[in-house]
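Before any comments, here is the structure.
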Amino acid sequence: MTVHRLAASLLLVVLLGVVALAPRGRGAQGEPYDLVLAGGRVLDPETGLDATRNVGIQGGRIAAVAAEPVAARETLDVHGLVVAPGFIDLHAHGQDSESYRYYAHDGVTTALELEIGTYPVAPWYAERQGHALINYGVSVGHAGARRALVVHDESLPGDAVVHDTSRGWTNGVLPDAELPRLDSLVERGLAEGALAVGFGIEYTPGARREEILRLFRVAARHAVPCFVHLRAGGRDPATGGGVAGLQEVIADAAATGASLHVVHVTSMGQRDTPLLLQLIHGAREHGLDVTTEAYPYTAASTAIQSAVFDPGWQQRMGITYHDILYPPTGERLTAASFARFRRQGAVVVLFIIADSTVRQALADPLVMVASDGISPHGHPRLAGTHARVLGRYVRDSGALSLEAAVRKMTLQPAQRLEQVVPAMRAKGRVQVGADADLTVFDAARVVDRATYERPAQFSDGIIHVVVNGVFVVRNGASVAAYPGRAIRRSP
């Protein structure tokens, strides 16, 4: 072989090597992708993918999940980190810009207020359009509609309605003639795009069983689920359990064909949580569409002036004044301070759940993760729920696997709403064509920092969060952006 031939052969080998190593994969019209998250451990709970991949994003959607290098205008090295679908919180009362920032630092890309909901619905969505850090959505609230019917006032959106404890609308019994009017108000909310019918039955003790059953029929007629905080009167004083309250709504679901989602099963069931889970599993085995959720804390939180603390609360919940914490001062209550806060109004934290109950619920494959977050300055669950599960219950104690935890935060919540909003089929997944809602975290150090004494602290180890292809958290720092979109039903 001549020197020239040898040189030409060597040049060809080098060129072939360059081609082999060059980034491949391009977006529409052959353009590079907008962004590639390169070399992370990608978890897709639907397909079971758990492997090192490069995730290409273009136009707000995932355009590539590839083992080979991918060309992009920007490539971000995420080796050693987990790339998961963005977390979906079905039970997120905090629906303001500050709360969205804390949710984002906990890996949440979609926060939905589906328990108490709101009434009316249209102004709620309009207020957030173009101004949201993360995706948002709401149910039409039975409580809000009931209040509007009784006091002719639609001025309290979202969960603010439970802070109004006027006995006329919370404890008053609606006459039979008023029930069709209540049905109509709830149907108006569904027509305005609500995702579900939300019930806080414990907050409206005047609501008869017929009233709730009628609204289950409305939900079934419009093919939307019922998100339910169970009735307090069903609790067994000996155990604090919510068995009778759950039996009521399972019967309503069976009678009407409505889908049912039971919120915060651990605070509803307390020591009877295993029995509640048995009821839910049994209902599902017999064809009912029933799901549930829990948060990873031993304490609940609510407004002290609400019906939850009506006389008899100690027996119903099995706690005393000292089991109630006032977050702004960190004080445990006494009879005197309880009476004072009850008059003036306050959000309190109440320790009612055993850690063993939390662990059992989180380990149950049916139970989703949801925060029930109200304010970043109250209970730590708004700021820390998802990181707490990943750090304390997955990594540190092994109560459940990483893959199971991610599924409970992503795919399962998405699937709960897919029949109502087909767009949810593009969430909760890391697949080509899915929305580019992604959470990138360090499994070795992810943990909650929010505490009962200092709840307003960002979680640690959530490195990057992307919403519709736009960073809202990058390298652990907040990004000023408003890529959040409405999750809304099309009637």
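Could you pull out the residue among Ala219, Ala258 that is surrounded by 24 or more Cβ atoms within 10 Å (Cβ to Cβ), touching a Phe, Trp or Tyr at 6+ places or on another chain (Cβ under 6 Å) and among the aliphatic types (A, V, I, L, M)? Full working, then the answer.
Values: Ala219 fails: touching a Phe, Trp or Tyr at 6+ places or on another chain (Cβ under 6 Å).
Only one candidate passes the filter, namely Ala258.
The sole residue among Leu288, Leu362, Leu325, Leu366 that is assigned by TED's automatic domain parsing to the domain that holds Gly428 and touching a strand residue (DSSP E or B) at 6+ places or on another chain (Cβ under 6 Å) is Leu325.
So, of the residues in the stretch 131-177 that are part of a loop (DSSP other than H, G, I, E, B) and of a type in the set (A, V, I, L, M), which turns out to be surrounded by the fewest Cβ atoms within 10 Å (Cβ to Cβ)? Spell out how you get there, then give the answer.
Pass one, the stretch 131-177, residues part of a loop (DSSP other than H, G, I, E, B): 131-134, 152-157, 164-166, 171-175.
The next check asks that each one be of a type in the set (A, V, I, L, M); those that pass are 132-134, 156, 173-174.
Values: Ala132: 22, Leu133: 27, Ile134: 26, Leu156: 19, Val173: 11, Leu174: 19.
Among residues in the stretch 131-177 that are part of a loop (DSSP other than H, G, I, E, B) and of a type in the set (A, V, I, L, M), the one surrounded by the fewest Cβ atoms within 10 Å (Cβ to Cβ) is Val173.
Of all the residues in the stretch 76-130, those that are part of a loop (DSSP other than H, G, I, E, B), under 22 Å from Ala426 (Cβ atoms) and among the small types (Gly, Ala, Ser) number 3. Listed by first and then second residue, the pairs linking a residue in the stretch 168-187 that is within 17 Å of Pro205 (Cβ to Cβ) and β-branched (Val, Ile, Thr) to a residue that is at pLDDT below 95 and exposed (fewer than 11 other Cβ atoms within 10 Å of the Cβ), with Cβ atoms under 8 Å apart and 6 or more places separating them unless they lie on different chains, form an empty list.
Could you tell me whether any residue of the stretch 180-187 is assigned to a loop (DSSP other than H, G, I, E, B), in the same structural domain as Arg214 (by TED's automatic domain parsing) and over 31 Å from the mean Cα position of the chain (by Cα)? Please lay out each step first, then the result.
If we filter the stretch 180-187 for residues that are assigned to a loop (DSSP other than H, G, I, E, B), which is where we start, we get none.
No, every residue in the stretch 180-187 fails to be assigned to a loop (DSSP other than H, G, I, E, B), in the same structural domain as Arg214 (by TED's automatic domain parsing) and over 31 Å from the mean Cα position of the chain (by Cα).
Counting only strands (runs of 3 or more DSSP E) wholly contained in the stretch 283-398, the ones carrying 3 or more residues that are over 15 Å from the mean Cα position of the chain (by Cα) and on the phi < 0 side of the Ramachandran plot occupy 299-303, 324-326, 347-351. Those residues that are within 18 Å of Phe227 (Cα to Cα) and either basic (Lys, Arg) or within 22 Å of the chain's Cα centre (by Cα) (or both), I need them from the stretch 254-272; list them, please. Once the filter is applied, which keeps residues that are within 18 Å of Phe227 (Cα to Cα) and either basic (Lys, Arg) or within 22 Å of the chain's Cα centre (by Cα) (or both), the stretch 254-272 yields Ala258, Ser259, Leu260, His261, Val262, Val263, His264, Val265, Thr266, Ser267, Met268, Gly269. Considering the stretch 188-209, the residues that are among the small types (Gly, Ala, Ser) and under 27 Å from the mean Cα position of the chain (by Cα) include one that is surrounded by the fewest Cβ atoms within 10 Å (Cβ to Cβ), namely Ala191.
Quick one: in the stretch 320-343, which of the residues that are among the small types (Gly, Ala, Ser) and more than 16 Å from Val308 (Cα to Cα) is modelled with the lowest pLDDT? So that I can check it myself, show each step before the final result.
First, pick out the residues of the stretch 320-343 that are among the small types (Gly, Ala, Ser): 330, 335-337, 339.
Cutting the leftovers down to more than 16 Å from Val308 (Cα to Cα) gives us 330, 335-337.
Values: Gly330: 90, Ala335: 95, Ala336: 96, Ser337: 96.
Here the residue is Gly330.
Checked against the criterion of being hydrophobic (A, V, I, L, M, F, W, C) and closer than 20 Å to Glu211 by Cβ, the candidates Ala111, Ala148, Ala132, Ala126 yield just one match: Ala148.
Residues that are touching a residue at least 40 places away in the same chain (Cβ under 8 Å) and out of contact with any Pro (no Cβ under 9 Å at 6 or more places or on another chain) were ranked within the stretch 313-340; the one that is surrounded by the fewest Cβ atoms within 10 Å (Cβ to Cβ) is Pro328. In the set Arg221, Arg217, Arg181, Arg188, only one residue is touching a Ser or Thr at 6+ places or on another chain (Cβ under 8 Å), at pLDDT 95 or above and basic (Lys, Arg); that residue is Arg217.
Results for (1) in the same structural domain as Glu113 (by TED's automatic domain parsing); (2) free of Cβ contacts under 8 Å to residues at least 60 places away in the same chain, shown as yes or no for each residue.
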{"position": "Gln431", "(1), (2)": "yes, no"}
{"position": "Ala436", "(1), (2)": "yes, no"}
{"position": "Val446", "(1), (2)": "yes, yes"}
{"position": "Thr451", "(1), (2)": "yes, no"}
{"position": "Gln457", "(1), (2)": "yes, no"}
{"position": "Gly461", "(1), (2)": "yes, no"}
{"position": "Val467", "(1), (2)": "yes, no"}
{"position": "Phe471", "(1), (2)": "yes, yes"}
{"position": "Arg489", "(1), (2)": "no, no"}
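I'm trying to understand the selection: among the residues of the stretch 189-208, which are touching a residue at least 40 places away in the same chain (Cβ under 8 Å) and of a type outside the set (A, V, I, L, M, F, W, C)? Across the stretch 189-208, the qualifying residues are Gly189, Glu192, Gly193, Gly198, Gly200, Glu202, Tyr203, Thr204, Pro205.
In this structure, Ala307 does not qualify as assigned by TED's automatic domain parsing to the domain that holds His379, within 26 Å of Ser356 (Cβ to Cβ) and either of a type in the set (Gly, Ala, Ser) or surrounded by fewer than 22 Cβ atoms within 10 Å (Cβ to Cβ) (or both).
Which residue is nearest to the chain's Cα centre (by Cα), if the candidates are limited to the stretch 237-249 and must be surrounded by fewer than 19 Cβ atoms within 10 Å (Cβ to Cβ) and modelled with pLDDT under 95?
To start, the set of residues in the stretch 237-249 that are surrounded by fewer than 19 Cβ atoms within 10 Å (Cβ to Cβ) comprises 237-239, 244, 247.
Going one step further and asking which of them are modelled with pLDDT under 95, we end up with 237-239, 244.
On the way: Pro237: 30, Ala238: 31, Thr239: 28, Ala244: 26 Å.
The selected residue is Ala244.
Just give me the residues in the stretch 250-259 being touching a strand residue (DSSP E or B) at 6+ places or on another chain (Cβ under 7 Å) and without any contact (Cβ under 8 Å) to a residue 40 or more places away in the chain, in sequence order. The one that is touching a strand residue (DSSP E or B) at 6+ places or on another chain (Cβ under 7 Å) and without any contact (Cβ under 8 Å) to a residue 40 or more places away in the chain: Ala253.
Among the residues making up the stretch 270-302, those that are under 24 Å from Arg332 (Cβ atoms) and surrounded by 19 or more Cβ atoms within 10 Å (Cβ to Cβ) are Gln270, Tyr295, Pro296, Tyr297, Ala299, Ala300, Ser301, Thr302.
Report yes if some residue within the stretch 467-481 is among the hydroxyl-bearing types (Ser, Thr, Tyr) and under 18 Å from the mean Cα position of the chain (by Cα); otherwise report no. Step through it out loud before you land on a result.
Restricting attention to the stretch 467-481, the residues satisfying the condition of being among the hydroxyl-bearing types (Ser, Thr, Tyr) are 478.
Next, from what is left, pick out any that are under 18 Å from the mean Cα position of the chain (by Cα): none.
No, the stretch 467-481 has no match at all.
The values are calculated or read from the model by the stated rules, or taken from the named source; none is laboratory data. Being a predicted model, the structure only gives us computed values, none of them experimental. In this analysis, Cβ positions are derived from the backbone assuming ideal geometry, glycine residues included, and neighbour counts consider all displayed protein chains.
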